[in-house]
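Structure, as structure tokens:
The values are calculated or read from the model by the stated rules, or taken from the named source; none is laboratory data. Worth saying up front: this structure is predicted, and the values here are computed from it rather than measured. Positions of Cβ are backbone-derived with ideal geometry, glycine not excepted, and every protein chain shown enters the neighbour counts. SASA here: full protein model, heavy atoms, side chains in, ligands and nucleic acids out. Shrake-Rupley method; radii C 1.70, N 1.55, O 1.52, S 1.80 Å.
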Amino acid sequence: MAKGKKIIEITDISKIYQMGSQEVRALNGVSLDIYQNEYVAIMGPSGSGKSTLMNLLGCLDSPTNGTYILNGTDVSQMEDNELAEIRNKEIGFVFQSFNLLPRYSALDNVALPLIYAGAPRAKREEMAIAALSSVDLLNRMEHKPNELSGGQKQRVALARALVNNPSIILADEPTGNLDSKTSIDIMNLFEDIHANGNTVIVVTHEEEIALHAHRVVRLRDGLIESDQINTHPIRVRTS
């Protein structure tokens, strides 16, 4: 079966941090292709380079060496303001800590990326309502984060990630602050998002979370240790 369009093409990426007089090589010549509508988990122990790779994939940082083509655009050596524009257009982020603004309603939190994109108010509201509907949270759209459960907060974060129709959804430990049952619900929602045609990348240290993905990339010591297709991804529905 054809893989289709490459969304991410990383070639020989290295990242070196200067810690005083010492150089720390977080990534050491990593190459990785991710295709449209793939569902990929990136794993690795502490110090493996997975957080550095996530920051590069999310255009939060630039590589020391190598190239990164994101949806046809070379973002390897972009300036910070250019990277910010690319992030808002191409990437929907989901974080372990939700990163919701406490004084904003769920609807307003979801609409935030559209403000940065310059969308008019009526369009922002229409798109934010559609995104909240896609994660089954319309009945909480006027609630503020402190009025929501952990699972509901993560659904708001997912809706915010989806609202701009980005090229990829990039999730960093998305169930780290959730109980087991809620974690299953959120991972099933990621599967729904993937089934709707989205490209999903989950960065995690938890095996049971990674096994929901259809492909698992493992890092160790700044290199890709393995890159395998998961032929039987976990899919558990709860009542």
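Quick notes on this structure:
- Taking the range 118-140 as the range and being open to solvent by 50 Å² or more (accessible area, probe 1.4 Å), assigned to a loop (DSSP other than H, G, I, E, B) and farther than 13 Å from LEU158 by Cβ as the test, the residues that pass are GLY118, PRO120.
- Every condition in (1) at pLDDT 95 or above; (2) buried (at least 18 other Cβ atoms within 10 Å of the Cβ); (3) in contact with a strand residue (DSSP E or B) (Cβ under 7 Å, 6 or more places away or on another chain) holds for SER31 except the one numbered (2).
- Tabulated pairs, the range 35-54, first under 16 Å from ILE168 (Cβ atoms), second acidic (Asp, Glu) and outside any strand (DSSP E or B), C-beta under 8 angstrom, 6+ apart or interchain: TYR39/GLU191
- Here the condition is being in contact with a helix residue (DSSP H, G or I) (Cβ under 6 Å, 6 or more places away or on another chain) and within 22 Å of GLU90 (Cβ to Cβ); of VAL216, VAL203, it holds for VAL203 alone.
- Candidates in the range 87-106 are the residues that are over 19 Å from the mean Cα position of the chain (by Cα) and under 22 Å from ASP172 (Cα atoms); of these, the one that is surrounded by the fewest Cβ atoms within 10 Å (Cβ to Cβ) is PRO102.
- For the range 6-21, taking the residues that are of a type in the set (Ser, Thr, Tyr) and out of contact with any Ser or Thr (no Cβ under 6 Å at 6 or more places or on another chain), the one that is least open to solvent (accessible area, probe 1.4 Å) is identified as TYR17.
- Every condition in (1) open to solvent by 10 Å² or more (accessible area, probe 1.4 Å); (2) farther than 28 Å from ASP33 by Cα holds for GLU207 except the one numbered (2).
- Hits in the range 157-192 (condition: on the phi < 0 side of the Ramachandran plot, free of Cβ contacts under 8 Å to residues at least 60 places away in the same chain and open to solvent by 10 Å² or more (accessible area, probe 1.4 Å)): LEU178, ASP179, SER180, LYS181, THR182, SER183, ILE184, ASP185, LEU189, ASP192
- Looking across the range 54-71, the residues that are assigned to a loop (DSSP other than H, G, I, E, B) and open to solvent by less than 70 Å² (accessible area, probe 1.4 Å) come down to GLY58, CYS59, ASP61, SER62, PRO63, THR64, ASN71.
- Within the range 72-86, considering residues that are in a loop (DSSP other than H, G, I, E, B) and open to solvent by 50 Å² or more (accessible area, probe 1.4 Å), the one farthest from ASP33 (Cα to Cα): GLU79
- Some residue of the range 71-78 being modelled with pLDDT under 95, in contact with a Lys or Arg (Cβ under 6 Å, 6 or more places away or on another chain) and of a type outside the set (Asp, Glu): no
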